[in-house]
Amino acid sequence: MKAAVIVFPGSNCDRDLAVAFREAGFDVSMVWHKDTALPQGVDIVGIPGGFSYGDYLRCGAIAAQSPICRAVADHAGRGGYAVGICNGFQVLTETGLLPGALLRNAGLKYICRTVGLRVETAASVYTEGYTAGQVIDIPIAHHDGNYFADDETVAALRGEDRIAFSYADNPNGSVGDIAGILSANRRVLGMMPHPERASDARHGGTDGTAMFRALGTALAPA
Amino acid sequence: MKARVHVMLKNGVLDPQGAAVRHALGALGFDGVERVRQGKVIDLDLAEGTTEAQVRDMCEKLLANTVIESYSIELG
């Protein structure tokens with residue numbers, strides 16, 4: 001079971017994500033943004049939080065044009081798994097692998113605290129460790145986490161059961177309280193909250209552990 | 001040759017920065033400012049012969065996120 005974590009200039013949750021993958025049983029490679037290919041046999045790619053390229057132009061916009069993101073898009077195009085957290089979610093929307101975009105928080109403030117997150121669907125390798133409707137405690141830390149998509153897109157996400165998580169108490173103005181979404185084939189997840197920061201008792205919470213554990217189980221060789 | 005690209009959030013997309021600027025103008029006593037939208041201006045120095053279509057391509061691929069932003073191009 002192999003995971004790759006992409007490292008951009010400005011990534012700051014890359015090591016946390018690598019540790020969470022490793023704890024779940026993955027061999028983890030760190031992959032530099034200028035690389036043009038993922039390591040052979042990678043099962044899942046993690047795009048970590050941070051401020052890739054200093055958030056210049058728009059959050060995630062420059063990272064989405066980096067050489068490694070072409071390889072990530074090819075991997076996802078072949079049906080590979082990918083998870084983008086926080087800045088990684090912004091990168092996934094900027095690459096077009098997930099619909100919508102992330103705007104400045106409605107309250108204009110950077111928000112760093114633990115929030116209640118409702119698991120909207122257990123039907124994905126990321127969320128099957130939870131039950132639908134369960135509320136978990138996961139930290140957020142973002143300035144541009146206000147998810148936006150047009151009504152048609154939100155209706156499609158809802159209709160196809162592709163909203164993975166929603167906020168119990170919307171902190172940033174996201175449309176429909178959306179905190180995380182799945183791709184049409186349910187293999188790409190983007191979310192603003194940080195499950196990797198809630199995957200060890202020393203973090204003050206372990207509600208994120210079930211995501212990585214479920215991934216480890218789902219992607220384990222038969 | 002030069003091109004100037006204006007990037008604005010689309011109508012209907014919440015612009016919290018614009019709203020904050022409008023609020024600050026009101027606090028300064030400038031009454032009657034009903035709405036502020038804040039965007040960005042990107043100036044490009046380009047090789048002679050660059051076409052508007054090429055600049056449009058730059059906007060679509062990188063300079064604007066057309067999910068939330070509109071853009072306009074001035075060549076000159």
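The values are calculated or read from the model by the stated rules, or taken from the named source; none is laboratory data. Just so it is clear, the structure is predicted and the values come from calculations on it, not from any experiment. Positions of Cβ are generated from backbone atoms using ideal geometry, with glycine treated the same way; all protein chains shown enter the neighbour counts.
Quick notes on this one:
- Test for residue A:101: is it within 14 Å of chain B (Cβ to nearest Cβ), more than 23 Å from residue A:62 (Cα to Cα) and in contact with a helix residue (DSSP H, G or I) (Cβ under 7 Å, 6 or more places away or on another chain): no
- Residue A:176 being on the phi > 0 side of the Ramachandran plot, touching a helix residue (DSSP H, G or I) at 6+ places or on another chain (Cβ under 8 Å) and not aliphatic (A, V, I, L, M): yes
- When residue A:202 is tested against (1) farther than 17 Å from residue A:125 by Cα; (2) assigned to a strand (DSSP E or B), just one condition goes unmet, and that condition is (2).
- Here residue A:45 meets the list (1) more than 14 Å from chain B (Cβ to nearest Cβ); (2) over 27 Å from residue A:209 (Cβ atoms) almost entirely, failing just condition (2).
- Among residues of the range B:8-25, those that are within 12 Å of residue B:67 (Cα to Cα) and at the interface with chain A (Cβ under 10 Å from one of its Cβ atoms), counted: 4
- Test: residue in the range B:63-70 that is of a type outside the set (Asp, Glu), exposed (fewer than 15 other Cβ atoms within 10 Å of the Cβ) and away from every other protein chain (no Cβ under 14 Å): no
- The lone criterion from (1) touching a strand residue (DSSP E or B) at 6+ places or on another chain (Cβ under 9 Å); (2) on the phi > 0 side of the Ramachandran plot left unmet by residue B:40 is number (2).
- Whichever residue in the range B:38-62 is without any contact (Cβ under 8 Å) to a residue 40 or more places away in the chain and assigned to a strand (DSSP E or B) and, among such residues, is surrounded by the fewest Cβ atoms within 10 Å (Cβ to Cβ): B:41
- Residue in the range B:9-19 that is charged (D, E, K, R) and in contact (Cβ under 8 Å) with a residue 24 or more places away in the chain present: yes
- Filter result for the condition that a residue is under 19 Å from residue B:65 (Cβ atoms) and within 13 Å of the chain's Cα centre (by Cα), over A:154, A:175, A:188: A:188
- Hits in the range B:26-57 - residues which are of a type in the set (A, V, I, L, M) and within 11 Å of chain A (Cβ to nearest Cβ): B:42
- Residue match in the range A:167-178 (condition: charged (D, E, K, R) and either touching a residue at least 60 places away in the same chain (Cβ under 8 Å) or farther than 24 Å from residue A:110 by Cβ (or both)): no
- Candidate set from the range A:48-62 (those that are in contact with a strand residue (DSSP E or B) (Cβ under 9 Å, 6 or more places away or on another chain) and under 12 Å from residue A:10 (Cα atoms)); member that is farthest from the other protein chains (Cβ to nearest Cβ): A:48
- The helices (runs of 4 or more DSSP H) falling completely within the range A:1-119 that include 1 or more residues that are among the hydrophobic types (A, V, I, L, M, F, W, C) and in contact with a Phe, Trp or Tyr (Cβ under 6 Å, 6 or more places away or on another chain) map to A:14-23.
- Residue check, residue B:28 loosely packed, with under 12 Cβ neighbours inside 10 Å, modelled with pLDDT of 95 or more, more than 28 Å from residue A:148 (Cβ to Cβ) and aliphatic (A, V, I, L, M): yes
- Elements of type strands (runs of 3 or more DSSP E) in the range A:130-178, at least 1 residues being among the charged types (D, E, K, R), more than 14 Å from chain B (Cβ to nearest Cβ) and surrounded by fewer than 20 Cβ atoms within 10 Å (Cβ to Cβ): A:135-142
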